[in-house]
Amino acid sequence: MNPWLSDPRVVRAEQDSFEAERAERRARWSQARSLYRQAADSFAAVALSVCPDHPNTRSDLAIAAVACYVRSGDTGAAVDCARRVLAEAGVTAGGREELIRLVGEAAEV
């Protein structure tokens with residue numbers, strides 16, 4: 001198993017993002033934004049710790065982080081996270097495209 005995907009921060013981030021979606025369905029917007037932010041911070045921390053020779057994992061976690069930042073309403077953090085990941089080595093071509101797309105969408109909001 002991929003050690004980064006079983007990192008306790010990733011496990012917690014997955015739980016937080018699930019609970020955030022649940023909060024959104026119940027119109028608990030503040031709670032949802034807070035949970036998405038927590039998930040994003042965790043996904044970002046792990047994504048940035050993944051060594052560049054694991055680009056799929058690094059890309060997937062970075063995309064999750066940026067998407068959660070956007071859903072938390074913090075587009076500035078989404079852009080910062082994406083730029084940092086894109087500036088470093090170890091992102092797949094598809095990951096690069098998705099991060100750029102997410103940042104573009106966030107900028108339109």
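The values are calculated or read from the model by the stated rules, or taken from the named source; none is laboratory data. Nothing here was measured: the structure is a model prediction, and the numbers come from that model. Please note: Cβ atoms are built from the backbone with ideal geometry, for glycine as well, and neighbour counts cover all protein chains shown. With ligands, DNA and RNA removed, areas are computed over all heavy atoms of the protein, side chains included. Shrake-Rupley method; radii C 1.70, N 1.55, O 1.52, S 1.80 Å.
Here the condition is being out of contact with any helix residue (DSSP H, G or I) (no Cβ under 9 Å at 6 or more places or on another chain) and not aromatic (Phe, Trp, Tyr); of Asp80, Asp53, Asp74, Asp60, it holds for Asp53 alone. Scanning segment 21-45 for residues that are under 19 Å from Leu102 (Cα atoms) and either of a type in the set (Lys, Arg) or touching a Phe, Trp or Tyr at 6+ places or on another chain (Cβ under 7 Å) (or both) yields Arg33, Arg37, Ala40. Residues of segment 49-82 that are more than 22 Å from Arg33 (Cβ to Cβ) and among the charged types (D, E, K, R): Asp53, Arg58, Asp60. May I ask you to list the residues in segment 6-21 that are in contact with a helix residue (DSSP H, G or I) (Cβ under 7 Å, 6 or more places away or on another chain) and in a loop (DSSP other than H, G, I, E, B)? Asp7 - this is the single residue of segment 6-21 that is in contact with a helix residue (DSSP H, G or I) (Cβ under 7 Å, 6 or more places away or on another chain) and in a loop (DSSP other than H, G, I, E, B). Residues that are hydrophobic (A, V, I, L, M, F, W, C) and open to solvent by less than 20 Å² (accessible area, probe 1.4 Å) within segment 41-58 comprise Phe43, Ala44, Val46, Ala47, Val50, listed in sequence order. A count restricted to segment 38-47 and to residues that are over 12 Å from Asp7 (Cβ atoms) and in contact (Cβ under 8 Å) with a residue 40 or more places away in the chain stands at 1.
In segment 33-68, the qualifying residues are those that are in contact with a Gly (Cβ under 7 Å, 6 or more places away or on another chain) and of a type in the set (Gly, Ala, Ser), and the one that is nearest to Pro8 (Cα to Cα) is Ala62.
The set of residues in segment 1-40 being of a type in the set (Val, Ile, Thr) and either surrounded by 14 or more Cβ atoms within 10 Å (Cβ to Cβ) or farther than 19 Å from Ala62 by Cβ (or both) consists of Val10 alone. Of the residues making up segment 73-88, those that are open to solvent by less than 50 Å² (accessible area, probe 1.4 Å) and under 18 Å from Val50 (Cα atoms) are Cys81, Ala82, Val85, Leu86. Being within 12 Å of the chain's Cα centre (by Cα), open to solvent by less than 30 Å² (accessible area, probe 1.4 Å) and among the β-branched types (Val, Ile, Thr) holds for only one residue in Val103, Val66, Val91, and it is Val66.
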